[in-house]
Each structure stands twice: as structure tokens, then as C-alpha cells.
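Chemist: Take this structure first; my questions come after.
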């Protein structure tokens, strides 16, 4: 038996097996918390910026003879993809995407756990392939620039790559939690917690 510092009783085999699981779940939860914080910030900043730009453009149509700001169309085109993918990642964390629950309902707890992990490993692989493809498209679109602000045409593809990568990461964290604790710990947050 190994002594647990600060505890009165030595660790048994079962308690020792729980320690790595706790560490795995703690790491997964911290990664998820960081991703959720970044995504919430992106949703907040881009949402405010989109609202401000569109409001200013509508107001300027009545004030200026030019009929609005020249960059008013380009900015939302660059901000909106970031707004969307941050929301997609938050929904993935909470298990808020559409799914079919027929097969898991036919399986026992162990079968549901295996099915969840196996199907999510396939999903993670697909996301990583798509990240690579989005980055290739971003490199191609980099030669295009917007007419008013001169911004690269890659922004939407970078947003897509970031969103796919973060979705793969939070899906991996869900797999770690399920492997360590079972299906009841699949998602870090309830959908209501992230909205």
C-alpha cells in the first residue's frame, strides 16, 4: 500500500486507480473551461461589433449623402464566421447538436460508453481532416483582398479551421470524461449554462 500524504488511511488499489481518472477529468474540465471562456468572449465581442457596425451604417444612411459607410458590408462578412463558429463550439461542449439516440438506447451502459467513444473518435478524425482542408483554402483565398479595407479573403476559412479544431478538442475532452467516469459525465455543461 502507498501512503497518501495528508490522509489518515493508506491508498488501496481501487483508490489508486481513481487518482488518474480524477486527473484526466480535471484536465478535460480545465481545457473545456478555457475553450468556453474564449468562445464566449468571441461571441460577445463579435456580437457587439456586428450590432454596432450595422446600427451605425443604418443611422449613417440618414445622416450622410453617401448612403452609409463603405466598409459596412466588409466588416460583418469578416466578423460573422467567428461569431458562428464560437457558438458551434459552445453547443458541442454542451451536447447541443442534433443527434439520433436510437442505437444508444438499445445498448447497456458499457455498450453506450464504447459507442460514444468510438463514434466521437471518428468525428474527431473527420474534424482534423477538415481543419487541414480549411487551412489549404485559407492559403488559396489569401490572395484575394476586400476592395475597401484590403482585408484578406482568408478570414472565413481561418474561423472554420479554428472552430473545427476547437470542436475536435472539446469532443476529445468529452471522450476522456466518458472513459474515466461514464456516460453521465459526457458533457461539461448543460445547454442552459452556456446560453
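Chemist: Quick one: which of 60, 66 is touching a helix residue (DSSP H, G or I) at 6+ places or on another chain (Cβ under 9 Å), modelled with pLDDT under 85 and not in a helix (DSSP H, G or I)? Talk me through it step by step, then tell me what you get.
Modeler: Details: 60 fails: not in a helix (DSSP H, G or I).
None of the other options fit; the residue is 66.
Chemist: Looking at 135, 128, 151, which one is touching a residue at least 40 places away in the same chain (Cβ under 8 Å) and under 18 Å from the mean Cα position of the chain (by Cα)? Can you show your working first?
Modeler: On the way: 135 fails: touching a residue at least 40 places away in the same chain (Cβ under 8 Å); 151 fails: under 18 Å from the mean Cα position of the chain (by Cα).
Selected residue: 128, the only one of 135, 128, 151 that is touching a residue at least 40 places away in the same chain (Cβ under 8 Å) and under 18 Å from the mean Cα position of the chain (by Cα).
Chemist: Looking at residue 83, is it under 19 Å from the mean Cα position of the chain (by Cα) and closer than 23 Å to residue 42 by Cα? Write out each step before concluding.
Modeler: Values: under 19 Å from the mean Cα position of the chain (by Cα): yes; closer than 23 Å to residue 42 by Cα: yes.
In short, yes.
Residue-by-condition table, conditions (1) in contact with a helix residue (DSSP H, G or I) (Cβ under 6 Å, 6 or more places away or on another chain); (2) surrounded by 17 or more Cβ atoms within 10 Å (Cβ to Cβ); (3) at pLDDT below 90:
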| position | (1), (2), (3) |
| --- | --- |
| 93 | yes, yes, yes |
| 98 | no, no, yes |
| 102 | no, no, yes |
| 106 | no, no, yes |
| 129 | no, no, no |
| 134 | yes, yes, no |
| 138 | yes, yes, no |
| 193 | no, no, yes |
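Chemist: To continue, here is another question. Mind telling me which of the residues 160, 183 ends up being touching a helix residue (DSSP H, G or I) at 6+ places or on another chain (Cβ under 9 Å) and under 20 Å from residue 42 (Cβ atoms)?
Modeler: Working: 183 fails: under 20 Å from residue 42 (Cβ atoms).
Sole residue among the options that is touching a helix residue (DSSP H, G or I) at 6+ places or on another chain (Cβ under 9 Å) and under 20 Å from residue 42 (Cβ atoms): 160.
Chemist: Next question. Against the definition (in contact with a helix residue (DSSP H, G or I) (Cβ under 9 Å, 6 or more places away or on another chain) and within 20 Å of residue 51 (Cβ to Cβ)), how does residue 71 come out, yes or no? Break it down into steps so the answer makes sense when it comes.
Modeler: Numbers: in contact with a helix residue (DSSP H, G or I) (Cβ under 9 Å, 6 or more places away or on another chain): yes; within 20 Å of residue 51 (Cβ to Cβ): yes.
When the stated conditions are applied, residue 71 passes them.
Chemist: Tell me the residue from 84, 114, 122, 48 that is assigned to a helix (DSSP H, G or I), out of contact with any helix residue (DSSP H, G or I) (no Cβ under 7 Å at 6 or more places or on another chain) and within 17 Å of residue 183 (Cα to Cα), please. Talk me through it step by step, then tell me what you get.
Modeler: On the way: 84 fails: within 17 Å of residue 183 (Cα to Cα); 122 fails: within 17 Å of residue 183 (Cα to Cα); 48 fails: within 17 Å of residue 183 (Cα to Cα).
Only one candidate qualifies: 114.
Chemist: What do you reckon, is residue 148 surrounded by 12 or more Cβ atoms within 10 Å (Cβ to Cβ) and in a loop (DSSP other than H, G, I, E, B)? Reasoning before the result, please.
Modeler: On the way: surrounded by 12 or more Cβ atoms within 10 Å (Cβ to Cβ): yes; in a loop (DSSP other than H, G, I, E, B): yes.
Yes: the conditions hold for residue 148.
The values are calculated or read from the model by the stated rules, or taken from the named source; none is laboratory data. None of the values given here were measured: they were computed from a predicted structure. Glycine also receives a Cβ, built like all others from the backbone with ideal geometry; neighbour counts cover every protein chain displayed.
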